[in-house]
Structure formats: C-alpha cells, structure tokens
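Take a look at the structure below.
The values are calculated or read from the model by the stated rules, or taken from the named source; none is laboratory data. The structure presented is a predicted model; accordingly, all values stated were derived computationally and were not measured. Glycine also receives a Cβ, built like all others from the backbone with ideal geometry; neighbour counts cover every protein chain displayed.
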Amino acid sequence: MTPMPAPAFSLPANAHQETIDFLRRLSSMLTGGRNAEMLQEAANTIETLSRRAAMAEQLFAEQQEDHARNLELREVAELASDNLIAETEQLKAIFDAEIASVKQQLEESRQQLDESTRQAEIERNLYADETTRLQANVDTAEMRLAEANAELEAYRRPAETRIDDTIAVVPVASLELARTQFDYLAKGFASSGDVVSQTICEIGASAIDKALADNATAKQPR
C-alpha cells in the first residue's frame, strides 16, 4: 500500500507580509539610529526567510509527488517482475520436460540401433555359414559329377576294347547308387535355393540315366 505523503504546515503568506509591513512602518516612524536599522533588517530577514520557506514547501511537495510516483512505478515493476518470474519458472519446467523426453527418445533409439546391429551381425554370420555350407555342397557335387563323368566315359568305350589296368569297369549298381545320390542332392539344393548346384546334380543324374539306358540297349540281342 502506497504511504500518504506527510502534510506540510506553514503560516499564511499574508501573516508574514503583515509583520514585514509593520516592522517597516515602525522603522520609518523612527528618526533613525540603530533601532530603525534593526527593524529594517528584521523585516528583510523575515521576508527572505518567508521566500525560502515558500520555496522549501514547494520543493517538498514536488518531492512528495515524485516519491508517490516512484512508489507506484515500483509496485508496477514488482508486479511485472513477479509475473516474469512465474512465466520463467513455467517455461523452465516445460523445457526440462522436453529435454527429458528427448533424452528418453535418444536412449530408445540407441537401444534399437544396438539391437539392429546385433541382429545384423547374427544374420551376417548365418549367411557366411550358409554360404560355406553351400560351397561345400557344390564342391561335393562337382567332385561326384566328375567321378560320374569319368565312370560314364569308361563305360561308353566299346566292349571289344581290351580291358587293362587303365580301364575301370563300373557296376550298374554303383551307377544306380550315384543316380540316387544326385537326386537327393538336387532336392536339397532346390529347398535351399541353390539353383546352380541343383542344375549340376540334375545334369549328373541325366547323364547316369543315359548311361543306364545305353547299357540296357547294348544288352539287347541283335
């Protein structure tokens, strides 16, 4: 609450003036001398002091008005400061909440990235193992195909060719067993999606089928 300015009490201006006029009239009535001078000096002193008192009262009133205005401005400034502090605290709370949310999202993203990296590493290892296994199967199939081709080449030679240590005669049962193995490998490669190895096994099986067919034809009486 703004304090009320202190009231200023002063004598009326006409009361001072009456005293001054009285002293000056009394001084003029005297024939001169020290008493007349003292009365004149007293009148002048009272007049000077009256003017100073009036100026002091005016200055005091102006200071009181300035003080009251400053108090009002101070109250307005304090109210604005309180509002600003409250708004700042609210904004700080919102900012802290947003920072906490961003930190949580970053942590979740980091965990998801770690999990994705770990899963990718597992899948890469599985792919490498599967590639190694398929390559081993391809190598096995190629080796068996080469063996079958060698056996077929030896089998296709004319019967009248002299059999010696450089010629190997392959039993039909071995060829049929090889034919069964090629079928098994071809099915395995087909289920795993290895088309190349599947094709190699199918070619080997077809070659053995042709060899068995040629053998059956050769055994028929002419």
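In the set D114, D139, only one residue is within 30 Å of D209 (Cβ to Cβ) and assigned to a helix (DSSP H, G or I); that residue is D139. The set of residues from the range 1-35 being modelled with pLDDT under 65 and part of a helix (DSSP H, G or I) comprises A13, N14.
Among the residues of the range 173-188, those identified as within 18 Å of E151 (Cα to Cα) and crowded, with 16+ Cβ neighbours inside 10 Å are L175, A178, R179, Q181, F182. Of the set (1) more than 19 Å from A205 (Cβ to Cβ); (2) at pLDDT 75 or above; (3) of a type outside the set (G, A, S), all apply to E160 but (2).
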